[in-house]
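Single-structure report; data block below.
The values are calculated or read from the model by the stated rules, or taken from the named source; none is laboratory data. Owing to the predicted nature of the structure, the values given are computational and were not obtained by experimental measurement. As a convention, Cβ positions derive from the backbone with ideal geometry for all residues, glycine included, and neighbour counts pool all protein chains shown.
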Amino acid sequence: MAGVEAGPTRSEVLAELTAPGGPSELGEAVVRGVPLRVHLTSPQVMRDVHDSTAAHGDRTYTVYAGERVSYAEHRRRVAALARRYAAAGLRRGDRVAVCLRNYPEWEPLCWAAWVSGLVVVPLNAWWQSAELAHAVADAAPRLVVADGERATVLRGLTPDDVPVVVVRGAAEGCLPFGDFLGEVTDDALPDVALDPEDDAFILYTSGTTGRPKGAVGTHRNLCTDVHNRRLTAALGARLTGVAPPAAPGVLLAFPIFHVAGLCGMVSATASGSTIATLYRWDADEALRVIAAERLTSLAGVPTVARDLVRRAAEVPGADLSSFVGVGMGGAPIPPELVRRVAPVGAPSNGYGLTETTAGIAFNAGADYLAAPDAVGRPVPSADVRVVDPGTLADVADGEVGELWFRGPNVVRGYWDAPEATAAAFVDGWFRTGDLGRVDDGVIRVVDRLKDVVIRGGENVYCAAVEAELLEVDGVLDAAVVGVPHPTLGEEVAAVVVHAPGAVPDGAALRERVATRIAAFAAPTRITTTTEPLPRNAVGKVLKRDLRDSLA
């Protein structure tokens, strides 16, 4: 319409936010020998983020099973723990291993370590003894903290001279958390010099294809993720004209021992959000907490978002009216789920890996609904390449190759693993192992490199087949893998989870894939079940287990 001025473009808003003097100013710096675009404004180290939380006063910080802790009380607990770390002889660079459910002790344990220059080593609470033993031996922590369900096992795996603190329970040879915390008085912190390149965490990869490796992240990595999320929120607010909620609150369903949960906790803290957690995922309990606390968002894996939306539709009077957004990640997100989530809250997707300190690309709101098969654009400080895995040459725009990223949120490498580091990190670029393409700056992930099925010389991208199967009524979940075939090399097999009494027609499933993708991509073997797919703690299907069972 004549006379109506168009609003600023995405590029214009980002340029303004990252320009000199902007809230997320970008400048050039050489980091570990690699020239990068880095954020020049605060925060630069995690103590900067912690210091900023003084502005939140008595606002509720954590909510768990009726327990509430304010930001002010949290700051006092951080200071008390920092003093205890120092009294226990821990010094800058020492490691503190933490193995807990999503209990509210996570937050002060982490922040006390970071303001003290210590390195947090989250241990997967789903691991068995062998995996825990590997991580403890590999990281060599000076202190271990575990909940009552895991403390006895970890006490047995930890050297006798390393203390083990038990949270919410008791175990022989372990110090109760309350005794370790001691007297909580003021929020004065020990004086410790910190640098953006100091190590801040060692996060072990999921280990679905081999022994977990410890990705070593720095203060710069975590602070960059804070900037990235602030930029994404500010960009959305400017482009839509909708201000973020004045009293944000998130139901954090990602496990905090995973990079998405750890970074979700950090970003929520930086924004002054209330963080609510559950003992274990339960959709009915989630609905109750969301309504009671007037939470504004959910952060979790796709299966959690699907479960919440489904249950909300079934429960009379379910109240999600406070919701403004649903953040998903940690596993591929089918387009049909994006559309299903939209009526509840604006959907968003943060794409990244442990090695990229969570999100290195974001897709949200109207952009996500317009392109639900995309993970979005890389953050302004990051660069992306699409590389032929065989020749290592860049492919043309729109062609499929391995996604490589470079930026200040890429970790410095793997703990005490120079060969693995050299293989995955090349001249500052991280090789993700994900296949994807870039169209006009928008990234689409088509599959994990290791999950591609090669059927008679044709590449079948499992994620695309799964997305089509999930569009069929009655299909609740689906996983596609390749299994050996005597002449084709591999054939396409699918495991389809359906509602009781609603077994999908195999011929109709094959026909949908054949007509929407290609005939060679249609599953030749379909197994239907009402049992859930095997998944790890962050919702990724354990395809190795499926291949073994099907083969």
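Which of the residues that make up segment 7-25 are part of a loop (DSSP other than H, G, I, E, B) and free of Cβ contacts under 8 Å to residues at least 60 places away in the same chain? Within segment 7-25, Thr9, Ala19, Pro20, Gly21, Gly22, Glu25 meet the criteria. All of (1) surrounded by fewer than 19 Cβ atoms within 10 Å (Cβ to Cβ); (2) touching a Gly at 6+ places or on another chain (Cβ under 9 Å); (3) part of a strand (DSSP E or B) hold for Val503 with one exception: (3). Can you list the strands (runs of 3 or more DSSP E) lying wholly within segment 57-111 that have 3 or more residues being of a type outside the set (S, T, N, Q), at pLDDT 95 or above and farther than 13 Å from Leu181 by Cβ? Of the strands (runs of 3 or more DSSP E) lying wholly inside segment 57-111, those with at least 3 residues that are of a type outside the set (S, T, N, Q), at pLDDT 95 or above and farther than 13 Å from Leu181 by Cβ span 60-64, 95-99.
Look through segment 138-192, keep the residues that are of a type in the set (A, V, I, L, M) and part of a helix (DSSP H, G or I), and return whichever of them is surrounded by the most Cβ atoms within 10 Å (Cβ to Cβ). The qualifying residue surrounded by the most Cβ atoms within 10 Å (Cβ to Cβ) is Ala151. Being of a type in the set (A, V, I, L, M) and more than 14 Å from Thr224 (Cα to Cα) is the filter here; which residues of segment 39-56 pass it? Across segment 39-56, the qualifying residues are Ala54, Ala55. Residues that are aromatic (Phe, Trp, Tyr) and free of Cβ contacts under 8 Å to residues at least 60 places away in the same chain within segment 81-125 comprise just one, Tyr85. So, Asp440, is that one more than 18 Å from the chain's Cα centre (by Cα), acidic (Asp, Glu), more than 30 Å from Val495 (Cβ to Cβ) and not assigned by TED's automatic domain parsing to the domain that holds Ala518 or not? Against the criterion (more than 18 Å from the chain's Cα centre (by Cα), acidic (Asp, Glu), more than 30 Å from Val495 (Cβ to Cβ) and not assigned by TED's automatic domain parsing to the domain that holds Ala518), Asp440 qualifies. Set side by side, the residues Gly376, Gly390 differ, and just one is of a type outside the set (A, V, I, L, M, F, W, C) and at pLDDT below 95, which is Gly390. Please determine whether any residue of segment 348-365 is over 21 Å from the mean Cα position of the chain (by Cα) and not acidic (Asp, Glu). No, segment 348-365 contains no residue that is over 21 Å from the mean Cα position of the chain (by Cα) and not acidic (Asp, Glu).
Against the numbered list (1) within 18 Å of Leu222 (Cβ to Cβ); (2) in a loop (DSSP other than H, G, I, E, B); (3) touching a residue at least 60 places away in the same chain (Cβ under 8 Å), Arg37 comes up short only at (2). Among the residues of segment 211-226, those that are assigned to a helix (DSSP H, G or I) and within 16 Å of the chain's Cα centre (by Cα) comprise Asn221, Leu222, Cys223, Thr224, Asp225, Val226.
Is segment 316-323 home to any residue that is of a type in the set (D, E, K, R) and closer than 30 Å to Ala479 by Cα? No, there is no match, as no residue in segment 316-323 is of a type in the set (D, E, K, R) and closer than 30 Å to Ala479 by Cα.
Can you tell me which residue within segment 446-482, out of those that are buried (at least 17 other Cβ atoms within 10 Å of the Cβ) and of a type in the set (Lys, Arg), is nearest to Pro523 (Cα to Cα)? Among residues in segment 446-482 that are buried (at least 17 other Cβ atoms within 10 Å of the Cβ) and of a type in the set (Lys, Arg), the one nearest to Pro523 (Cα to Cα) is Arg455. Do we find that Ala151 is over 23 Å from Val266 (Cα atoms), out of contact with any Lys or Arg (no Cβ under 9 Å at 6 or more places or on another chain) and small (Gly, Ala, Ser) in this structure? So Ala151 fits the description; yes.
Only residues that are assigned to a helix (DSSP H, G or I) and under 19 Å from Gly539 (Cβ atoms) were counted across segment 344-388, and they come to 4. The residue pairs whose first member lies in segment 282-307 and is assigned to a helix (DSSP H, G or I), whose second member is crowded, with 20+ Cβ neighbours inside 10 Å and of a type in the set (Phe, Trp, Tyr), and whose beta carbons are closer than 8 Å, counting only pairs six or more residues apart or on different chains, are Ile290/Phe323.
Among strands (runs of 3 or more DSSP E) entirely within segment 399-468, having at least 1 residues that are closer than 17 Å to Val384 by Cα and at pLDDT 95 or above singles out 401-406, 429-439, 442-448.
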